[in-house]
Every structure is written in structure tokens, then in C-alpha cells.
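Below: one structure, written as C-alpha cells.
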Amino acid sequence: EILPLMAQGRLLPYLDVPFQHAHPDVLKRMKRPAYGEGGERNLERLARWRAACPEIVVRSTFIAGFPGETEAEFEELLDFLDEAQLDRVGAFAYSPVDGAAANALPDPVPETVKQERLARFMERQAEISEAKLADKIGSVQRCLVDAVDGDLAIARSMADAPEIDGLVQIQNGFEAGLQPGQFVDVQIMGSDEHDLYGEAVVDD
């Protein structure tokens with residue numbers, strides 16, 4: 001019901017969906033509601049969402065090194081990342097939480113392996129993020145100014161949740177007279193793994 005509203009421009013087309021993992025056995029151990037479906041069903045969901053609203057931005061979070069996670073299960077998670085092409089991703093190495101049922105699960109993953117998998121995961125996603133942001137070079141993005149710092153204005157596009165996702169650095173922010181709270185169209189001129197760089201479109 002939400003997707004058509006996003007496609008009509010009535011809601012911001014941004015979804016934060018914590019997939020957590022892609023392998024059905026890991027999801028089952030996590031007791032995730034959709035544990036029987038796994039990454040393949042979520043890829044189908046993503047395709048439907050993008051068909052309904054091509055502008056949609058999808059963010060998710062994942063856990064590396066959950067108890068019992070095998071190398072093959074982790075590799076399936078990396079394959080899911082490649083297929084899903086998510087816009088924004090956060091990840092954590094599993095750590096025990098007081099009172100959590102997962103503490104009693106067998107085959108805990110050694111800490112060194114958890115950290116190594118987390119690093120591999122974030123490296124893979126950084127490549128995806130860098131490519132997706134590079135595709136925006138040459139486009140004009142509607143942005144919200146958060147701050148002005150010297151010549152720069154620091155802003156966010158619709159793909160950037162505050163204090164979580166990336167930023168848009170507007171190189172001529174001071175010259176354009178931008179102020180916090182102002183919406184501005186930004187011509188994107190560059191990017192890196194997380195952020196976009198550009199100039200405010202100023203009417204002559």
C-alpha cells in the first residue's frame with residue numbers, strides 16, 4: 001500500500017528494511033519471521049518495489065558471524081549483496097546480548113572470523129555503493145541543506161537519512177547564499193563510496 005504513494009511522490013521513496021542475512025538456515029536460527037524464504041524471496045521483493053517505484057532507495061542492516069554461520073552461508077550473503085544492489089547498508093559483527101536466546105546456540109563463530117567476515121562484507125558493499133553513487137554524476141538532485149561550513153554547504157538528498165547515510169557537499173554553498181533548512185537543486189559533479197559532491201543550481 002505504501003509503494004504507490006511513493007511512486008506518486010506523496011511519500012519519500014526510502015525504505016529501511018533489516019534483512020539481517022540471506023541464507024534461510026541462518027535466518028531460522030535468528031528466528032526471523034521470514035526465515036523460510038531467505039535471500040531469493042527478498043530479491044523478488046526488491047524487484048517488485050523497484051518496478052512499482054523506480055526511484056526507491058532501500059537501506060538495510062546485516063549481521064556477520066551469527067552463531068553457526070558457515071563460510072558457505074556467509075558467501076551466500078555476499079552473493080545476495082551483489083544481486084540486491086542496495087543503496088545503503090549497515091553491518092555488525094554478532095555479539096552476545098544479556099538474556100538473548102542466541103547465546104545458547106552451538107558453534108559460536110570465533111571473534112577473528114567474525115571481524116574478517118565483517119570487513120569482507122563492508123568492502124563488497126563499498127564497491128556497490130561507490131558504483132551506485134557514480135551513476136548520479138551529471139544528474140540534478142533535490143537536497144536539504146543541514147549546515148554551512150565556510151564555502152561549503154552540507155546537505156542531504158532523498159537517499160540520505162540524517163546521521164546514518166551519506167552527505168551532499170555543495171561546493172558553492174556560501175556563494176549561493178544557502179541557509180540550513182533550505183531545499184536546493186544540486187548538479188552532481190563527483191562522488192566517492194559514501195558522499196556526493198556538486199554545485200547549487202543558481203538562477204541567473
*Run down 98, 25, 107 and say which single residue is more than 21 Å from the chain's Cα centre (by Cα) and either modelled with pLDDT of 95 or more or at positive phi (or both).*
107
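Just give me the residues in the stretch 42-53 being more than 16 Å from residue 78 (Cα to Cα) and either open to solvent by 50 Å² or more (accessible area, probe 1.4 Å) or part of a helix (DSSP H, G or I) (or both), in sequence order.
Once the filter is applied, which keeps residues that are more than 16 Å from residue 78 (Cα to Cα) and either open to solvent by 50 Å² or more (accessible area, probe 1.4 Å) or part of a helix (DSSP H, G or I) (or both), the stretch 42-53 yields 44, 45, 46, 47, 48, 49, 50, 51, 52.
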_Options 203, 185; residue that is at pLDDT below 95 and either of a type outside the set (Val, Ile, Thr) or within 25 Å of residue 7 (Cβ to Cβ) (or both)_ = 203
_Consider the stretch 159-181. How many of its residues are open to solvent by less than 70 Å² (accessible area, probe 1.4 Å) and not charged (D, E, K, R)?_
13
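Per-residue answers, yes or no, for (1) open to solvent by less than 20 Å² (accessible area, probe 1.4 Å); (2) aliphatic (A, V, I, L, M):
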| position | (1), (2) |
| --- | --- |
| 125 | yes, no |
| 128 | yes, yes |
| 142 | no, no |
| 152 | no, yes |
| 157 | yes, no |
*Can you tell me which residues in the stretch 8-22 are at negative phi and surrounded by fewer than 17 Cβ atoms within 10 Å (Cβ to Cβ)?*
8, 10, 11, 12, 16, 17, 18
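Any idea how many residues of the stretch 76-96 are farther than 13 Å from residue 64 by Cβ and of a type in the set (S, T, N, Q)?
The number of residues fulfilling the criteria is 1.
Considering the stretch 15-32 alone, what residues qualify as being in a loop (DSSP other than H, G, I, E, B) and touching a residue at least 24 places away in the same chain (Cβ under 8 Å)?
Answer for the stretch 15-32, where residues must be in a loop (DSSP other than H, G, I, E, B) and touching a residue at least 24 places away in the same chain (Cβ under 8 Å): 17, 18, 19, 21, 22, 23, 31.
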*All strands (runs of 3 or more DSSP E) inside the stretch 100-204 with 3 or more residues being touching a Leu at 6+ places or on another chain (Cβ under 9 Å) and over 26 Å from residue 76 (Cβ atoms)*: 140-149, 152-156, 168-170, 183-191
_Cβ contacts < 7 Å: first residue without any contact (Cβ under 8 Å) to a residue 60 or more places away in the chain, restricted to the stretch 72-83; second residue outside any helix (DSSP H, G or I) and open to solvent by 10 Å² or more (accessible area, probe 1.4 Å), any location; separation 6+ or different chain. Result?_
73/23; 76/23; 77/23
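The values are calculated or read from the model by the stated rules, or taken from the named source; none is laboratory data. Computed from a prediction, not measured in an experiment: that's the story for all the values here. Note: ideal-geometry Cβ built from the backbone for every residue, glycine included; neighbour counts use all protein chains shown. Keep in mind that these areas ignore ligands, DNA and RNA; they rest on the heavy atoms of the full protein, side chains included. Shrake-Rupley method; radii C 1.70, N 1.55, O 1.52, S 1.80 Å.
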